[in-house]
Amino acid sequence: MSRRNKHPEHVNHERWLVSYADFITLLFAFFVVLYASSQVDKRKVGKLAMSIQVAFQELGVFDTSSTQIPLNDSEAIPFSKIQVVENTERTSDMTRFVQPMKGQLSPSPSAPMKNVQAELEKALAQEIKGHIVEVKARREGLVVSLREVGFYVSGSSTLRPSSKDAIDRLAAVLQGRTESLRVEGHTDNVPIRNRRFGSNWELSTARASDLINVFIERYGFEPRRLSAAGYAEFHPVASNDSAEGRARNRRVDIVILNPPMVDLASASANAAGHAP
């Protein structure tokens, strides 16, 4: 019998292409999943940061934010754009980002100020309407701004006689309260040099000190509640490049300070202890 000759097997040198193609496909799918996850995470982190910021603003811990709230809450909110800066009007519904709290987790520093703010706005309604007084809430408490145009002669620390009625109404609201008051003098950036004041530092400090003397001597405020500060032109609320901005910066701020958190906690504990 004759033996059949075996044909040598053909070796396929291109089989690696199949494995390589599978690897590239899996690698592509992996990066697609990573990209999709990163977009979702960015949106979630942005919404989380916005929720935290809004919640703290509602509690009065942070000042008003300039962050632009997107019209569609599905848009990504980059975390780097979550800022805590001041004075932007809220035009969006904040409840889309943070749900209203049910109950109160802890005493809010701004809560004791709500009543006094309402009383001040009622007592000084005429001056507020005339834009010579502004009442606004800040992180540290309530600020009553007295514009120079309604209360002081330019370059002087003495109150105008015509402002006595407004000061009477202001003092009537604050006189019986216990919060500490800090009186701050502010000026614009125009240098001053007259017989009494050699700089804006001296003018701003004198206005704050003179108003404190009025509170003590005329209205009987407890001196330990009061403190004075002069900031010259270095804490503006508007640009000094225009006459209107400089007029807004020339002011005396009465800061009604939030009670310390320790006092609030003690008051809550005492109230709970006396509850039936």
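Here, each number is a calculation from the coordinates, and none is a lab measurement. Given the structure is predicted, the values throughout are model-derived calculations rather than measurements.
Here are a few things to note about the model shown:
- Rg/Rh for segment 156-264, where both radii come from Cα atoms and Rh is the Kirkwood radius: 1.00
- When each of 136/164; 47/122; 47/114; 122/164 is checked by Cα-Cα distance, pairs over 27 Å: 47/122; 47/114
- Segment 200-247 - Rg and Dmax from Cα coordinates, angstrom: 13.7, 40
- Sequence-separation-based contact order of segment 121-191, relative, with Cα cut under 8 Å and 6+ spacing, percent: 21
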